[in-house]
Structures are given as structure tokens and as C-alpha cells.
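These notes concern the structure reproduced below.
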Amino acid sequence: MRNPWGLEYSRTPDRYIWGKAPSAFARELVGLVPRRGRILDLGCGEGRDSVYFAERGFTVTGVDASPAGLEKADRLAAERGVRVEWLCRSMLDLPVMGRFDLVYSCGSIHHVPQEGRSRLFRRLKKLTRPAGVHAHIVFTDVVMYEEKDEEIDYFAPGELGAIYSDWLVLEHDESAIPCAQDGIDHCHSVERIVTCARRDEAGRVGDDPPPRVA
């Protein structure tokens, strides 16, 4: 599928098209991750959220298919004095090992073809610690807008929630977000979820409740 953002990153080596400040979504989630926890940021782009998580003391792995995006991300990490493990890979080809406390994506998984998404989410769940958190924002087909000739495999409304029907849902909503990255005011319909893995039989002991979104 065509994803033009890697080309945009190459065309703007001295400008961060998404800015350097973290997204509101990333800021909302840090209270759910244990101290020195591990975070996997999928489709991290220019690295603003990965770098923010690292600044908060977490061990962060940022994954993106764009070398130009990751080059900018690495510069931002150096500027902020933090270390992030950057992986130039497709989300469908994750070489990571171990388990993560937070698996995160903000506007990226809708670039994964639908036929590969079931495999991707199965893999992501296996990479998650007991009671770990997944948090995603994806585009849905309620409002469709082609931006910079990108190709998107839109989620149907409620599809993301159905994927996590066996998890504890902390937040789940659908809305529209404004955008003007191509110079034209428009909006994208999105589905957003924050959800917690249920403990398996070998999970953590104790009766502590699942985390809550602040």
C-alpha cells in the first residue's frame, strides 16, 4: 500500500511535519506504564512520541518503515539526550523479543493491509506482559479523505473494539479529528482504544485492579 509520509520526511529534512511535541494521546498514557517499563511505538514516524516516552524514563522501541523518518527521530532523541531503539521495519515484520508494558500506535495501523492485521494483532498480544496496555488510534471509513495520494485500508466502525473483545477496555470512542497536512482543511474519522490484557494463568499474583486512564 502507498504511504507517502516517508517521502514527505525526505523532503523536509530540517522540519518536523508533525512537530516535536508529543501527541495528547501519548501524554495521556504515561500513567499506565510502570516505572522503567518497556514501550513499543508502531509507525513512530519522526519520533516525537517515542522520544517523549524515553524522556519519561521508559525503555522505548520505535518502529517505522521510513529511513528518513527514523533519521529525524534519532536527531530528536539526541537533541533531548535520550536513547531509543529505532527499527526500520514493516509492522508485519517485527524482530522484537520479550514483552512490553505498552504497545502504542497513533494513526499508523490503518496503513497495514486488512489481510495482515489479524496476524499483526495476534503478534502484538503475544508481545505484551500480563496486564500490559495496548493503545491505538486508527482511521475508519465513516469519513474518508485521500491525503497526498496515500492508500489506507480503513477500519470499519467498531472493528478495533472487536479485536480486543477479550481484553479489559479502559477507554473506547469514535470521533472525527481535524487535519490540514496537505494544505486543505479536512477531517478523518477515527476509532480510539485503550485496553488492558487480562492476566493469564501464569500472570502476576495479587488482586490489584487494572490501570485506569487519568
Review point. Looking at Val190, Val133, which is the one that is open to solvent by less than 60 Å² (accessible area, probe 1.4 Å), within 18 Å of the chain's Cα centre (by Cα) and modelled with pLDDT of 95 or more?
Key: Val133
Review point. Across region 24-58, which residue is nearest to Ile177 (Cα to Cα) among those that are assigned to a strand (DSSP E or B) and either in contact with a His (Cβ under 9 Å, 6 or more places away or on another chain) or not acidic (Asp, Glu) (or both)?
Key: Leu42
Practice item. Would you be able to say whether some residue in region 2-22 is in a helix (DSSP H, G or I), surrounded by fewer than 18 Cβ atoms within 10 Å (Cβ to Cβ) and within 17 Å of the chain's Cα centre (by Cα)? Key: yes
Review point. If the Cβ limit is 6 Å and pairs must be 6+ apart or interchain, which residue in region 85-97 that is polar (S, T, N, Q) pairs with which residue that is surrounded by 15 or more Cβ atoms within 10 Å (Cβ to Cβ)?
Key: Ser90/Ala65
Point to revise | Identity of the residue in region 42-54, out of contact with any Lys or Arg (no Cβ under 6 Å at 6 or more places or on another chain) and either open to solvent by 10 Å² or more (accessible area, probe 1.4 Å) or charged (D, E, K, R) (or both), that ends up nearest to Ala24 (Cα to Cα) | key: Asp49
Point to revise | Residues that are polar (S, T, N, Q) and surrounded by 18 or more Cβ atoms within 10 Å (Cβ to Cβ), drawn from region 84-130 | key: Ser105, Ser108, Thr128
Check your understanding: Looking at Ala78, is it of a type in the set (A, V, I, L, M) and surrounded by fewer than 16 Cβ atoms within 10 Å (Cβ to Cβ)?
Key -> yes
Exercise for review: Would you please name the residue that is least open to solvent (accessible area, probe 1.4 Å), looking only at residues in region 170-187 that are at pLDDT below 95 and hydrophobic (A, V, I, L, M, F, W, C)?
Suggested key: Cys179
Review point. Could you say whether any residue in region 74-85 is modelled with pLDDT under 95 and not basic (Lys, Arg)?
Key: no
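The values are calculated or read from the model by the stated rules, or taken from the named source; none is laboratory data. Since the model is a prediction, treat every value here as computed from it, not as a measurement. Backbone-built Cβ (ideal geometry, glycine too); neighbour counts: all protein chains shown. Note: accessible area is taken over every heavy atom of the protein model, side chains too, but ligands, DNA and RNA are not part of it. Shrake-Rupley method; radii C 1.70, N 1.55, O 1.52, S 1.80 Å.
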